[in-house]
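Down below is the structure, laid out as structure tokens.
The values are calculated or read from the model by the stated rules, or taken from the named source; none is laboratory data. Since this is a predicted model, take the numbers as computed values, not measurements. Heads up, the Cβs are rebuilt from the backbone with ideal geometry, glycines too, and the neighbour counts pull from every protein chain shown.
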Amino acid sequence: MAAILFVMDALLTLVVVAFLLRAVMPLVRADFRNPLGQAVLRFTDPLVRPLRRVIGPIGRVDVASIVALLLVQLAGAALLRLVAGGGFDLPATLVAGLVALVRTLLRFYSVAVLAYAVLSWIAPGTYSPATRLLAALCEPLLQPVRRILPPIAGLDLAPLFVLIGLQALQILLH
């Protein structure tokens, strides 16, 4: 049973990450024209488009994508609770779903910042759709840290401090 729950949780997390990207990419002005952006759009459109007919954007905030993200996360949390034998308790499911969403967001950004830092060491200045997307996602977190702690002898420590902060937040959620 634990293996089934693990596989379900992993697959649901991938789906949530796709919807998370759909909600975050417009906020950071990431390019949806690259292959990764197109994949996110195609995967999330069946749920976001109908919601967009009812819920319009507010500035750069795509409210329909955020609502879709919340719906997917809460449905996933409810499904996992039911399969685990926990029954359906709406308040507990809402809390578990929102906490899981925050954890997913923190883990996602931890992986993104780490990948962005590693790519900057391995292939600095190289163009790839992944690098551009990671730059758009990570730079809003890294720039404030760089203002406080500029690179030392060409070594950018901002990703390290952002990762420490993200890990600290994850620990606080446990």
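Observations
- Figure legend. Inter-residue proximity from the range 60-84: first residues at pLDDT 90 or above, second residues among the charged types (D, E, K, R), beta-carbon distance below 6 Å, spacing 6+ or different chains. Indicated pairs: Ala64/Arg52; Ser65/Arg22.
- Count of residues meeting criterion [out of contact with any helix residue (DSSP H, G or I) (no Cβ under 7 Å at 6 or more places or on another chain), under 20 Å from Arg22 (Cβ atoms) and charged (D, E, K, R)] in the range 88-106: 0
- Residue satisfying all of: in the range 115-128; farther than 17 Å from Leu21 by Cβ and of a type in the set (A, V, I, L, M); surrounded by the most Cβ atoms within 10 Å (Cβ to Cβ) among these: Ala117
- Looking only at the range 12-31, and only at residues there that are surrounded by 15 or more Cβ atoms within 10 Å (Cβ to Cβ) and farther than 18 Å from Leu141 by Cβ, the one that is farthest from the chain's Cα centre (by Cα): Leu12
- Within the span defined as the range 135-158, one or more residues are in a helix (DSSP H, G or I), closer than 23 Å to Leu14 by Cβ, touching a residue at least 40 places away in the same chain (Cβ under 8 Å) and not basic (Lys, Arg).
- Selection within the range 129-174: residues that are among the β-branched types (Val, Ile, Thr) and in contact with a helix residue (DSSP H, G or I) (Cβ under 9 Å, 6 or more places away or on another chain). The member of this set that is surrounded by the most Cβ atoms within 10 Å (Cβ to Cβ) is Val162.
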